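Engineer: Shown below is the structure under consideration.
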Amino acid sequence: MRSMDEVLRICCTHPLYRSACDLRERDLLGPAGLTMAAYRRLCPGFDEKAEHFLAISEPDRVIGCVMLVPDSAHFGRLAQMVVDRDFQRRGIGRALVKALTARALCELGMSAVCCHARREAYPFYQRMGWCFDSEEFEEAGIPHRKMRIDADAGGQTGIGAR
């Protein structure tokens, strides 16, 4: 099975958006007890204001996705990050975060990007130069911490330390 062919930046009207929603529902929302319909009720308009980054493999197969949601002209939020279970640990998440942070910090000129990271994802983000920005809290019944990467702290590439 091949890994990833490319990362695309799309909006909600793109033909692959539905496949990204299916992946989010199956591997991210479902395990937390949510459906896409319930998510949309909880966060109306969230997807529509976001830029969606998709990792694509084979002919138009979405194997990972993440959203960049602008909180203001200077700050963005990484949200709804998920990689298909069959494709994890192949650098796909890293490529998605790198594309998102390059867009936010370099192209859009944002000062920082933050996210609510699950406990098991802390090391992933730390290896990419993200730092903690809160104490641990519970979200959807799962321990999280707010993490961020700043443009002036080496965040231009989204790569950080290895």
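FYI, it's all coordinate maths here, none of it is from the lab. Everything numeric in this text was worked out from a predicted model, so none of it was measured. Virtual Cβ from ideal backbone geometry, glycine too; neighbours counted across all protein chains shown.
Engineer: Take every DSSP beta bridge with both residues inside the range 6-153 and express the antiparallel ones as a percent of the total, to the nearest 5.
Structural biologist: Given both bridge residues lie in the range 6-153, the antiparallel proportion sits at roughly 90 percent.
Engineer: Another one. For the range 1-157, with the dipole built from +1 on Lys and Arg beta-carbon atoms and -1 on Asp and Glu ones, taken about the Cα centre, which of F87, G141, L28 lies farthest toward the positive end?
Structural biologist: Sorting the options by dipole projection puts first F87.
Engineer: Given H placed 1.01 Å from N in the peptide plane, which residues other than close sequence neighbours of W130 have an amide H under 5 Å from its amide H?
Structural biologist: none
Engineer: For the modelled label position 7 Å from the Cα of R26 along Cα-to-Cβ, which residues of the range 73-106 have backbone nitrogen atoms closer than 20 Å?
Structural biologist: 80-94, 96
Engineer: Give the Rg/Rh ratio for the range 18-73, taking Rg as the radius of gyration of the Cα atoms and Rh as the Kirkwood radius, to two decimals.
Structural biologist: That ratio is 0.99, to two decimals.
Engineer: What nm value, rounded to one decimal, do you get for the distance between R40 and D86 when each label is placed 7 Å out toward the C-beta?
Structural biologist: About 2.6 nm separates the two model spin labels.
Engineer: Quickly work out the E48-to-L16 label distance, labels modelled 7 Å from Cα along the C-beta direction, and quote it in nm with one decimal.
Structural biologist: In this crude spin-label approximation the distance works out to 2.4 nm.
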